[in-house]
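For reference, the structure discussed in these notes is given below.
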Amino acid sequence: MSQKAATDLSPKATLTMGSITILAGSILVGVAMNWIPSDPDKMHAPHWTVAATGLVFVFGGLAILAAHYSRLSAFFVGCLCLSMAAVGFWAAFIADQDTMQGGIPLVPRWINVGFGRMLITFGIFLASAMAFMAFKQSFSAKRSSDPHRSTREDAGGSDD
């Protein structure tokens, strides 16, 4: 089964997928900002982490919509990765260990929590490195000096 890149989608499919993803993220941001009512007893994370999680989806949807403009899409991917790193930072270094669930059966809880925080920290470094690379691509892409080239070509429309 072959996978399609966002640039291979039809304009209608791109608009649909991007819009649905942005809507899903906007709902989370709305809950975090108290624009959408929710049960506070079911919120086990600070509101800013819920908002950052929503922004992951919003930036992902924007990246889909901007797929034909590689510099802009790379910028949104960088923002997405930074949002993921922020949530990971909270989970690894700030969250109370009592809020962490799961782990390896028959292993003491303190080992599971430590192992989980170590894996999350690795994820923070990975997401930060991906954000750095995305921002580097976004801000350092070569620009054409020919004013007659299209914006799509200027933005690196063909990524060989």
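The values are calculated or read from the model by the stated rules, or taken from the named source; none is laboratory data. Just so it is clear, the model here is predicted, and its values are computed rather than measured. A quick note on method: Cβ atoms are made from the backbone with ideal geometry, for glycine too, and the neighbour counts reach across all protein chains shown. These area figures cover heavy atoms from the full protein model, side chains too; ligands, DNA and RNA do not enter into them. Shrake-Rupley method; radii C 1.70, N 1.55, O 1.52, S 1.80 Å.
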- Query: Name the residues in segment 82-114 that are touching a helix residue (DSSP H, G or I) at 6+ places or on another chain (Cβ under 8 Å) and closer than 17 Å to Trp48 by Cβ, would you?
  - Reply: Leu82, Ser83, Met84, Ala85, Ala86, Val87, Gly88, Phe89, Trp90, Ala91, Ala92, Phe93
- Task: Pick out the one residue from Ala67, Ala52 that is aliphatic (A, V, I, L, M), under 17 Å from the mean Cα position of the chain (by Cα) and assigned to a loop (DSSP other than H, G, I, E, B).
- Result: Ala67
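Filtering segment 7-26 down to residues that are β-branched (Val, Ile, Thr) and surrounded by fewer than 17 Cβ atoms within 10 Å (Cβ to Cβ), which residue is modelled with the lowest pLDDT?
Selected residue: Thr7.
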- Message: Taking the condition of being of a type in the set (Gly, Ala, Ser) and either open to solvent by less than 50 Å² (accessible area, probe 1.4 Å) or part of a helix (DSSP H, G or I) (or both), how many residues in segment 37-49 meet it?
- Response: 1
- Message: Looking at segment 72-89, can you tell me whether even one residue there is outside any helix (DSSP H, G or I) and surrounded by fewer than 20 Cβ atoms within 10 Å (Cβ to Cβ)?
- Response: no
- Which residue, of Ile124, Ile64, Ile104, is at pLDDT below 95 and buried (at least 18 other Cβ atoms within 10 Å of the Cβ)? Ile64
- Qualifying residues in segment 95-117 (those that are in contact (Cβ under 8 Å) with a residue 12 or more places away in the chain and within 24 Å of the chain's Cα centre (by Cα)) - the one farthest from Ala45 (Cα to Cα): Phe115
- If you go through segment 107-121 one residue at a time, how many are assigned to a helix (DSSP H, G or I) and open to solvent by less than 60 Å² (accessible area, probe 1.4 Å)? 7
